[in-house]
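One structure is given below, encoded as structure tokens.
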Amino acid sequence: MADLRVAFLGGGNINGELRGIVEHARPYDVAGTFGRGDELPSAADMDVVVEAATQDAVRERVPSLLDAGVDVILLSVGALADADLRARLSAPDGAAAGRGMLIACTGAIGGLDQVRALRAAGTLRAVSIESRKQPGALMQPWMDAELRERLTEGDTEIVLADGLAAEVAQQFPSSANVAAALALAADAWDTAIARIVADPAATRTRHEIRASGELGEVRVVVENAPSAERPRSSAVVAWAALRALDDYARLRGYDGVDGVAFL
């Protein structure tokens with residue numbers, strides 16, 4: 001079988017690191033890395049696109065990729081907090097017509113497989129995530145001068161958001177993709193709660209996930225080292241994307257690394 005042909009949407013740290021690993025340690029053909037203004041290859045020249053760009057890039061470019069039959073591994077899962085876009089990207093009626101698959105990457109958190117299993121048995125009673133990061137990594141353009149100053153000083157714990165995960169994911173597009181990923185896994189866009197805390201004592205990014213349903217409860221705590229080049233992101237995210245890409249290759253029958261795909 002021909003080698004898997006992969007393109008990278010987004011030229012930042014995550015895809016830069018991922019591409020380096022792929023080129024040195026995987027038998028995949030790299031079709032290139034593409035930014036906002038770059039023209040993507042023809043759908044006939046790539047099998048899968050790894051998106052690690054922005055929520056805006058997802059809105060602008062992923063629908064046409066899926067319509068063209070290209071599969072997309074999505075890291076900017078926060079884009080799916082937009083209900084209209086979520087419906088557009090997950091439209092089931094396109095599958096029979098050769099539409100590409102949208103594959104959400106777990107990114108910086110774990111436990112979503114168990115959350116999905118509980119959800120398969122019925123609606124979940126409670127779903128929440130609390131994320132703690134260094135204050136400087138949580139600065140946003142919409143913040144007023146007073147709040148920005150408090151974050152810059154970084155000497156006080158501040159609760160920056162505490163509400164629906166769908167809303168928080170849009171408030172913090174670079175830091176709360178995890179909130180959207182949990183809401184997606186739990187199918188709980190109208191009920192999942194996310195809390196963002198600026199914590200000056202945090203040496204790592206910490207996510208605490210809780211979900212309960214008829215068959216049990218999930219409690220997961222994940223602590224990630226921040227990326228040295230981009231502290232807003234966890235260093236593990238590129239490796240989560242690699243895991244997703246390797247599982248995709250195995251399930252599609254392409255040559256790759258030995259192992260078993262987890263779903």
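What the table below lists for this structure:
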item: Value in Å of the Kirkwood radius, where the chain supplies the Cα pairs that are averaged; result: 19.0
item: Contour excess over end-to-end distance, with Cα ends at residue 203 and residue 3 and 0.36 nm allotted per residue; result: 67.9 nm
item: Value of Rg to Rh for the stretch 97-230 (Rh from inverse mean 1/r over Cα pairs, i.e. Kirkwood); result: 1.01
item: Gain on full stretching of the segment that runs from residue 125 to residue 217 - 0.36 nm per residue minus C-alpha separation; result: 32.2 nm
item: The stretch 149-187: GluC sites (Glu not before Pro) in DSSP coil with no more than 15 other Cβ atoms inside 10 Å; result: 157
item: Karplus-derived 3J(HN,Hα), 6.51/-1.76/1.60, for each residue of the stretch 207-223, Hz, glycine and proline x; result: 10, 10, 10, 9, 8, 9, x, 4, 9, x, 9, 10, 10, 10, 10, 10, 10
item: 10 Å Cβ shell holding at most 11 others, DSSP loop, chymotrypsin sites (Phe, Trp or Tyr not before Pro): longest site-free stretch of the chain; result: 1-141
item: Loop GluC sites (Glu not before Pro), the stretch 1-77, which have at most 16 other Cβ atoms in a 10 Å radius of their Cβ (DSSP); result: 39
item: Euclidean distance of C-alpha centroids, the stretch 52-113 and the stretch 146-220, integer Å; result: 21
item: Loop GluC sites (Glu not before Pro), the stretch 173-263 (other Cβ atoms within 10 Å of the site Cβ: 12 or fewer; DSSP); result: 214, 229
item: Gain upon complete extension [residue 87, residue 42; 0.36 nm per residue less C-alpha separation]; result: 13.7 nm
item: Volume per residue of the C-alpha convex hull in the stretch 1-151, rounded to whole Å³; result: 179
item: Rounded percent of accessible protein surface that carbon and sulfur make up, the chain, 1.4 Å probe; result: 49
item: Accessible area per residue in Å² at 1.4 Å probe, computed on the chain; result: 47
item: Calculated on alpha-carbon atoms, Rg and Dmax of the stretch 78-150 in Å; result: 17.8, 53
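The values are calculated or read from the model by the stated rules, or taken from the named source; none is laboratory data. What you are looking at is a predicted structure, and each value in this text was computed from that prediction instead of being measured. Reconstructed Cβ throughout: ideal geometry from the backbone, glycine too, with neighbour counts over all protein chains shown. The accessibility values were calculated without ligands, DNA or RNA, using every heavy atom of the protein model including side chains. Shrake-Rupley method; radii C 1.70, N 1.55, O 1.52, S 1.80 Å.
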